[in-house]
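Visitor: First the structure, which I've put down as structure tokens, then a few questions once you've had a look.
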Amino acid sequence: MTDTHLSNHDQMADCLQGLRVIDLTRNLPGPFATRLLADLGADVLKIEPKQGDPARVFGELFAALNHGKTTEKHEFHDPEAIATIKAHLKEADVMLDSFRPGVLVEMGLDAKTLHAINPKLVMVSITGYGIAGSYAKEGVYLESAEPKNSSQINHNWSDKAGHDINFMAMSGVLDQLKTAQGEQAMPNVQFADLAGGSDTAVIALLAAVFAAQRTGRGRHVAISMTHSLYNHMVMPKVTDKLINSLSGNGLNDTLLPQHDFLGGALPCYRLYQTADQRHMAVGSLELKFWQGLCEVLELPSLKEIHWQLGIMPNRPESEAASNTIAEKFASQTLEHWQRVFAATDVCVTPVLSLYEAKAHPLFAHQDEHHATSGWQQVN
């Protein structure tokens with residue numbers, strides 16, 4: 001059994017003990033990545049410019065991202081400061097930065113320079129759009145870490161500034177976030193920064209450290225938040241063809257996001273509004289869950305209206321099923337449906353607000369920064 005006296009962070013905090021990380025990043029993606037490393041036991045030294053990380057103005061956010069890290073402030077244009085940073089890097093395992101391509105060269109912290117003093121150093125640069133063209137050709141990033149065809153990547157976006165909303169927009173992800181009426185939604189979760197940046201950086205970093213331990217050679221890896229997020233679009237890239245083939249539409253027809261397989265087209269996988277203008281999330285994708293849902297809702301006549309039985313979204317009976325279930329959910333409040341589905345196992349849950357989630361027993365083990373790790377050690 002899991003030791004309930006230890007937090008999830010504590011249970012895994014010995015995994016990266018001894019890993020020495022120099023963090024030159026700021027704002028959100030890099031600091032969250034090194035927060036994850038620190039939670040796993042890494043020793044993180046955060047080096048900020050003299051004016052500090054811009055995220056400091058957000059107070060609690062900065063504390064949540066950077067507690068437990070050692071911090072130093074240096075003037076990055078001062079040769080003595082760069083010498084101090086190099087001294088740290090000589091003994092480090094990992095360095096992360098979030099500068100635009102080319103800045104490390106200007107600072108004298110490029111891969112060629114740093115690997116001359118520490119061959120095993122893993123360098124991870126979190127970028128908005130990746131590297132291409134002259135940056136790849138001129139070896140700004142360590143050649144051994146680049147694919148052989150890197151010089152063939154010739155987009156001109158490497159130098160462009162951007163934030164999460166831009167990376168989401170360019171990857172195609174933002175367009176997928178549509179209401180049932182097709183209106184564009186404005187996300188309040190930084191998917192590109194965190195999934196495309198932080199999480200991808202940690203995966204690449206740990207893989208590169210593992211390789212360096214075996215080979216004695218470090219490398220410089222560039223993370224593109226936009227490309228990583230585009231890579232996460234695995235379902236939308238294929239499901240429109242699937243649903244078109246099953247529905248009898250043209251295979252090359254592009255479905256609107258809200259009409260895609262998991263975008264609201266299926267009666268068994270969508271959001272339904274309640275009487276108090278809240279929503280229940282129905283994820284009864286498989287036939288057994290759908291039939292269980294129909295039993296709970298006392299709608300047995302709908303049990304055979306399911307995509308696994310050949311009833312595709314373009315069929316009248318499928319649309320009728322959606323309307324019937326919508327009317328059912330609209331007849332009662334969210335609280336009522338929470339009680340009804342609390343004792344069931346048919347993949348139906350309330351859509352909680354952030355404040356409701358914070359207070360939910362599911363997150364009772366969150367720490368003082370309202371954080372819960374995505375891992376648990378099971379003994």
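Visitor: Report the gain in length on full extension from Thr71 to Thr113: 0.36 nm times residue separation, minus Cα-Cα distance, nm rounded to one decimal.
Guide: Answer, rounded to one decimal: 12.7 nm.
Visitor: Go ahead and estimate [θ] at 222 nm for the chain from helices alone: -39,500 (n - 2.57) per DSSP H run with n ≥ 4, summed, over the residue count, rounded to 500.
Guide: -10000 deg cm²/dmol
Visitor: Under unit Cβ charges (Lys, Arg +1; Asp, Glu -1), what dipole magnitude, rounded to 20 debye, does the chain have relative to its Cα centre?
Guide: 780 debye
Visitor: Can you pull the accessible area of Met12 for me, 1.4 Å probe, Å² to the nearest 10?
Guide: Surface open to solvent at Met12 totals about 40 Å².
Visitor: Along the charge dipole of the range 278-325, Cβ charges K/R +1 and D/E -1, which of Pro313, Leu302, Met280 sits furthest on the positive end?
Guide: It is Met280.
Visitor: With a/c under 1.5 counting as rounded, go ahead and sort the range 174-246 into rounded, prolate or oblate using the C-alpha gyration tensor (a ≥ b ≥ c being the square roots of the eigenvalues; past the cut-off, prolate if a/b is larger than b/c, else oblate).
Guide: Oblate.
Visitor: Name the residues whose placed amide hydrogens come within less than 5 Å of the amide hydrogen of His306, ignoring near sequence neighbours (fewer than 5 apart) on the same chain.
Guide: Ile311
Visitor: Let me ask something else about it. Beyond 32 Å between alpha-carbons counts as too far, so tell me which of Lys120/Lys237; Lys86/Lys160; Lys50/Lys120 fall in that bin.
Guide: Lys120/Lys237
Visitor: Give me the percent of accessible area attributable to carbon and sulfur for the chain, probe 1.4 angstrom.
Guide: For the chain, the apolar C and S fraction of the accessible surface comes to 54 percent.
Visitor: Over 10 Å intervals from 0, what percent of Cα-Cα pairs in the range 53-93 sits in each interval?
Guide: 24, 40, 33, 3
Visitor: If a/c stays under 1.5 just call it rounded; otherwise compare a/b with b/c (prolate if a/b is bigger, oblate if not). Do that for the range 1-99, with a ≥ b ≥ c from the square roots of the Cα gyration tensor eigenvalues.
Guide: oblate
Visitor: Continuing with the same structure: Based on the Kirkwood radius over alpha-carbon pairs, what value in µm²/s does the Stokes-Einstein equation return for the translational diffusion coefficient of the chain at 20 °C and 1.002 mPa s?
Guide: Using the Kirkwood radius from Cα pairs, D works out to 90 µm²/s.
Visitor: How do Leu174, Leu37 rank by accessible surface area computed with a 1.4 Å probe, from largest to smallest?
Guide: Leu174, Leu37
Visitor: Measure off 7 Å from each Cα along the Cα-to-Cβ vector at Cys15 and Ser331, then give the distance between these two points in nanometres to one decimal.
Guide: The modelled label-to-label distance comes out at 4.7 nm.
Visitor: Could I ask something else about it? What spacing in nm lies between the two simple spin-label points modelled at Ala63 and Met233, each 7 Å away from Cα in the Cβ direction?
Guide: Rounded to a tenth, the inter-label distance reads 3.9 nm.
Visitor: Based on the Cβ-Cβ distance from Ala185 to Glu80, what FRET efficiency comes out when R0 is 35 Å, to the nearest 0.05?
Guide: FRET efficiency, Ala185 to Glu80: 0.10.
Visitor: Still on this structure, I have one more. Would you mind working out the accessible area per residue for the chain, using a 1.4 Å probe, and quoting it in Å²?
Guide: 53 Å²
Visitor: Put Val103, Val202 in order of accessible area, largest first, 1.4 Å probe: what do you get?
Guide: Result of the area sort, largest leading: Val103, Val202.
Visitor: Continuing with this model, one more query. List every residue whose amide H lies under 5 Å from the amide H of Ile223, counting only residues 5 or more places away in sequence or on a different chain, with H placed 1.01 Å from N in the peptide plane.
Guide: Ser125, Ile126, Thr127
Visitor: In addition: Quick one: which residues, 5+ away or cross-chain, put their amide H under 5 Å from the amide H of Arg26? H built at 1.01 Å from N.
Guide: Hits under the 5 Å cutoff: Ser98.
Visitor: Please arrange Leu96, Leu362 by accessible surface area, largest first, computed with a 1.4 Å probe and ligands excluded.
Guide: Highest to lowest solvent-accessible surface, that is Leu362, Leu96.
Visitor: Could you report the accessible area of Cys347 in Å², rounded to 10, computed with a 1.4 Å probe on the protein chains as they sit in the structure?
Guide: Accessible area, nearest 10 Å²: 60 Å².
Visitor: Put +1 on the Cβ of every Lys and Arg and -1 on every Asp and Glu Cβ in the chain; which of Gln176, Met95, Phe191 then has its Cα farthest towards the positive end of the dipole?
Guide: The residue sitting most towards the positive pole is Met95.
Visitor: Let me ask something else about it. Using DSSP, restrict attention to beta bridges with both residues in the chain and report what percent are antiparallel, rounded to the nearest 5.
Guide: 30 percent
The values are calculated or read from the model by the stated rules, or taken from the named source; none is laboratory data. In this text the structure is predicted, and so the values were computed from the model without any measurement. Quick reminder, even Gly has a Cβ in these numbers, built from the backbone with ideal geometry, and neighbours come from all protein chains shown. Quick note on the areas: whole protein, heavy atoms, side chains included, nothing else; ligands and nucleic acids left out. Shrake-Rupley method; radii C 1.70, N 1.55, O 1.52, S 1.80 Å.
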